[in-house]
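The block underneath contains the structure these notes are about, expressed in structure tokens.
Bear in mind these aren't lab numbers, they're just calculated from the coordinates by the rules spelled out. Remember, it's a predicted structure, so these values are computed and weren't measured experimentally. Methodologically, a virtual Cβ is constructed for each residue, glycine included, from the backbone with ideal geometry; neighbour enumeration extends over all protein chains shown.
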Amino acid sequence: MSGEGAPNLAVDGTGLRVAVIAGSWHQEIIGGLIGGAREAVETAGAECAQFTVAGAFELPLAAQAALTPAEQGGGGFDAAVCLGVIIRGGTPHFEYVAGAVTDGLTRVQLDTGRPVGFGVLTTDDEQQARDRSGLPGSVESKGREAAEAAIQSAAVARAIRGA
């Protein structure tokens, strides 16, 4: 978990609209993820709008609403950054939620043709989540990384499409 080998995804996001969508569980950790994501969006020069959902399970629906074109009744955002915290417990609930969120966000990305930055922490314990949250003392900022990936993917998709 050193972050060693991570790519530099800095890109000009001017003109891009990015939805940062966060779950409500583990507020301090989510706060770190949101801070990192918002900082990355602002640094790239993109427009940022933030939305909150109940938990990680609700992220795919919100991402789909954000990424669906405005003329089809959606938000018309160019990219979504989805942030959540799923910590393993003593029941199979972790596997069901983590799998459903991952599958759902993948489907949204492919169905809408617009990128989803995956900033959902799936950890064995709270300390692992804190270590990845971007809070002071943490070694990684998965919120920032997810936002950078979404913005870079949106820029690449725009270039491929010739826009």
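Table for the structure above
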| read-out | value |
| --- | --- |
| Amide hydrogen neighbours beyond the local backbone of residue 52, cut-off 5 Å, H modeled | 22 |
| Residue among 45, 13, 23 with the largest mean-square fluctuation in a Gaussian network model of the chain, springs linking Cα atoms under 10 Å | 45 |
| Dipole magnitude of the stretch 49-156, debye to nearest 20 (Cβ charges: Lys/Arg +1, Asp/Glu -1, about Cα centre) | 100 |
| Nearest 10 degrees, 0 to 90: helix 27-44 Cα axis against the chain principal axis | 30 |
| Share antiparallel - DSSP beta bridges, the chain, percent rounded to 5 | 5 |
| Charge dipole of the stretch 22-161 about the Cα centre (unit charges at C-beta), most positive-ward option of 82, 113, 44 | 113 |
| Helix 142-161 axis, angle to the chain major axis (alpha carbon atoms, nearest 10°) | 20 |
